[in-house]
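Student: Dropping the structure in here first, questions after.
The values are calculated or read from the model by the stated rules, or taken from the named source; none is laboratory data. In this text the structure is predicted, and so the values were computed from the model without any measurement. Every residue, glycine as well, gets a Cβ built from its backbone with ideal geometry; the counts of neighbours run over all protein chains shown. Ligands, DNA and RNA are excluded from the accessible area calculation, which covers all protein heavy atoms including side chains. Shrake-Rupley method; radii C 1.70, N 1.55, O 1.52, S 1.80 Å.
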Amino acid sequence: MIYTHISARIPGPEHHFLINPYGMFFEEITASSLVKIDLEGNILHETPYFINPAGFTIHSAVHSAREDAQYVMHLHSDQGVAVSAQKDGLLPLSQHALIVLPRLAYHDYEGIALNLDERERLVADLGEKSTLMLLRNHGTLSVGKTAADCWTGMFYLERACKQQVMALSVGRDNVLIAPQQAQDEVRSQVSRGIGGGLAWPGALRRLDRETRATTPELGAAPATARSPRFPPVRETDGAPGQSCYLNRIHIVAALNFAVMLLSLDAAIAARHSVDQRGAAARLFKSGWSGF
Ligand SMILES: [Zn+2]
């Protein structure tokens with residue numbers, strides 16, 4: 001519901017970051033409702049919103065420790081929690097899992113993440129290279145240099161967990177583990193990246209199609225929509241009382257995350273180049289031409 005988090009670091013040495021406001025569902029969040037905070041949890045601008053303390057603990061730890069942690073996402077999906085609670089963790093039994101495993105770390109459960117000293121242990125467990133994590137008895141975590149990598153990594157991890165839960169329905173002894181040679185082969189094949197640059201634009205195009213299908217007043221996609229890089233998103237935020245594009249979107253869960261990250265990207269640009277509320281909406285309306 002409202003207890004998972006997503007964040008994006010704002011460029012600069014201060015490690016300030018944007019995080020979702022506490023109490024909103026993902027599909028309700030807009031660029032302007034994101035909360036800008038520092039590594040001590042101080043809110044850095046006027047906003048009627050506040051933040052989830054547990055979200056601050058987890059995300060501030062990752063943003064402060066890793067220069068490549070531009071985007072961080074944490075979820076409590078059923079399949080992610082289920083696999084996080086399995087003793088063997090993620091098993092090498094699907095291609096998705098083999099892609100995930102070389103970049104996967106684990107962190108033991110310590111209770112709801114309200115103790116700030118847990119940050120040190122979380123960062124130590126994540127290490128310098130891992131970009132995905134199973135938080136034991138708790139959920140999943142993804143870290144990315146880009147929104148695309150963060151989202152794509154989480155997509156693979158979530159799918160791998162779901163596939164494992166389904167495969168284990170026949171019992172652990174009846175599951176076929178991928179041969180070690182194949183595991184090694186995939187490890188070398190995916191060493192350069194997780195392919196977010198390819199999957200992300202496609203996910204956004206699908207989001208746009210599905211949104212237009214359920215929101216006729218948006219009309220057909222403009223010609224710029226066919227750009228492989230940036231599909232059209234006409235509005236993310238609105239004045240009070242005005243209908244809000246994102247609030248009316250009904251999409252599958254995975255694409256909810258895409259919307260969130262899209263909003264974060266826009267918010268970062270808006271807060272740095274045009275520091276006023278609603279700028280993100282105009283940025284979206286412009287079709288990302290200046291992005
Ligand atoms: Zn959590």
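Student: Within region 26-40, restricting attention to residues that are open to solvent by 30 Å² or more (accessible area, probe 1.4 Å) and outside any loop (DSSP other than H, G, I, E, B), which residue is farthest from Gly193 (Cα to Cα)? Spell out how you get there, then give the answer.
Tutor: Taking region 26-40 first, the residues open to solvent by 30 Å² or more (accessible area, probe 1.4 Å) are 27-28, 36, 39-40.
Keeping just the survivors that are outside any loop (DSSP other than H, G, I, E, B) gives 27-28, 36.
On the way: Glu27: 29, Glu28: 31, Lys36: 29 Å.
Per the criteria, the residue is Glu28.
Student: Could you please let me know if Ile112 is on the phi < 0 side of the Ramachandran plot, part of a helix (DSSP H, G or I) and either small (Gly, Ala, Ser) or out of contact with any Cys (no Cβ under 8 Å at 6 or more places or on another chain) (or both)?
Tutor: The answer is no for Ile112.
Student: So, in region 13-42, how many residues would count as being touching a helix residue (DSSP H, G or I) at 6+ places or on another chain (Cβ under 9 Å) and at positive phi?
Tutor: The total comes to 2.
Student: Looking at region 125-149, which of its residues are touching a strand residue (DSSP E or B) at 6+ places or on another chain (Cβ under 8 Å), part of a helix (DSSP H, G or I) and away from the ligand (no atom under 16 Å from the Cβ)?
Tutor: The answer is Ala147, Asp149.
Student: Collect the residues in region 75-116 that are basic (Lys, Arg) and over 16 Å from Val175 (Cβ atoms), keeping them in residue-number order. Break it down into steps so the answer makes sense when it comes.
Tutor: Let us first name the residues in region 75-116 that are basic (Lys, Arg), namely 87, 103.
Within region 75-116, just Arg103 meets the criteria.
Student: Check Asp68 against each of (1) under 16 Å from the mean Cα position of the chain (by Cα); (2) surrounded by 21 or more Cβ atoms within 10 Å (Cβ to Cβ) and name the one condition it does not meet.
Tutor: Failing condition for Asp68: (2).
Student: Here's a check for you: in region 165-222, which residue that is among the charged types (D, E, K, R) and either touching a Pro at 6+ places or on another chain (Cβ under 8 Å) or closer than 25 Å to Val81 by Cα (or both) is surrounded by the fewest Cβ atoms within 10 Å (Cβ to Cβ)?
Tutor: Asp173
Student: Follow-up. Collect the residues in region 113-138 that are of a type in the set (Val, Ile, Thr) and more than 20 Å from the chain's Cα centre (by Cα), keeping them in residue-number order.
Tutor: Pass one, region 113-138, residues of a type in the set (Val, Ile, Thr): 123, 131.
Across region 113-138, there are no qualifying residues.
Student: Scan region 64-77 and tell me whether some residue there is hydrophobic (A, V, I, L, M, F, W, C) and in a helix (DSSP H, G or I). Break it down into steps so the answer makes sense when it comes.
Tutor: So the first thing to find is which residues in region 64-77 are hydrophobic (A, V, I, L, M, F, W, C), and the list is 65, 69, 72-73, 75.
Narrowing further to those that are in a helix (DSSP H, G or I): 65.
Yes, because at least one residue in region 64-77 is hydrophobic (A, V, I, L, M, F, W, C) and in a helix (DSSP H, G or I).
Student: Hey, can you tell me all the residues within region 20-46 that are at pLDDT 85 or above and small (Gly, Ala, Ser)?
Tutor: Gly23, Gly41
Student: Can you name the residue in region 88-101 that is within 22 Å of Arg192 (Cα to Cα) and surrounded by fewer than 18 Cβ atoms within 10 Å (Cβ to Cβ) and is also nearest to the chain's Cα centre (by Cα) among such residues?
Tutor: Gln95
Student: Looking at region 72-87, can you tell me whether even one residue there is away from the ligand (no atom under 16 Å from the Cβ) and either within 21 Å of Thr4 (Cβ to Cβ) or open to solvent by less than 30 Å² (accessible area, probe 1.4 Å) (or both)?
Tutor: Here is the first cut: in region 72-87, the residues away from the ligand (no atom under 16 Å from the Cβ) are 86-87.
From what is left, the residues that are either within 21 Å of Thr4 (Cβ to Cβ) or open to solvent by less than 30 Å² (accessible area, probe 1.4 Å) (or both) are 86.
The answer is yes, given that some residue of region 72-87 is away from the ligand (no atom under 16 Å from the Cβ) and either within 21 Å of Thr4 (Cβ to Cβ) or open to solvent by less than 30 Å² (accessible area, probe 1.4 Å) (or both).
Student: Take the residues in region 1-21 that are open to solvent by 40 Å² or more (accessible area, probe 1.4 Å) and within 16 Å of the chain's Cα centre (by Cα); name whichever of them is farthest from Leu75 (Cα to Cα).
Tutor: Met1
Student: Asn137 passes all but one of (1) surrounded by 18 or more Cβ atoms within 10 Å (Cβ to Cβ); (2) closer than 21 Å to Asn52 by Cα; (3) of a type in the set (S, T, N, Q); which number fails?
Tutor: It fails just one condition, (1).
Student: Hey, another quick one. Among the residues of region 41-63, which ones are more than 15 Å from Ile10 (Cβ to Cβ), in contact with a Ser or Thr (Cβ under 8 Å, 6 or more places away or on another chain) and part of a helix (DSSP H, G or I)?
Tutor: Gly55 - this is the single residue of region 41-63 that is more than 15 Å from Ile10 (Cβ to Cβ), in contact with a Ser or Thr (Cβ under 8 Å, 6 or more places away or on another chain) and part of a helix (DSSP H, G or I).
Student: Please determine whether any residue of region 56-65 is open to solvent by 10 Å² or more (accessible area, probe 1.4 Å), more than 13 Å from the ligand (Cβ to nearest atom), in contact with a strand residue (DSSP E or B) (Cβ under 6 Å, 6 or more places away or on another chain) and in the same structural domain as Leu122 (by TED's automatic domain parsing).
Tutor: Checked region 56-65: no residue is open to solvent by 10 Å² or more (accessible area, probe 1.4 Å), more than 13 Å from the ligand (Cβ to nearest atom), in contact with a strand residue (DSSP E or B) (Cβ under 6 Å, 6 or more places away or on another chain) and in the same structural domain as Leu122 (by TED's automatic domain parsing).
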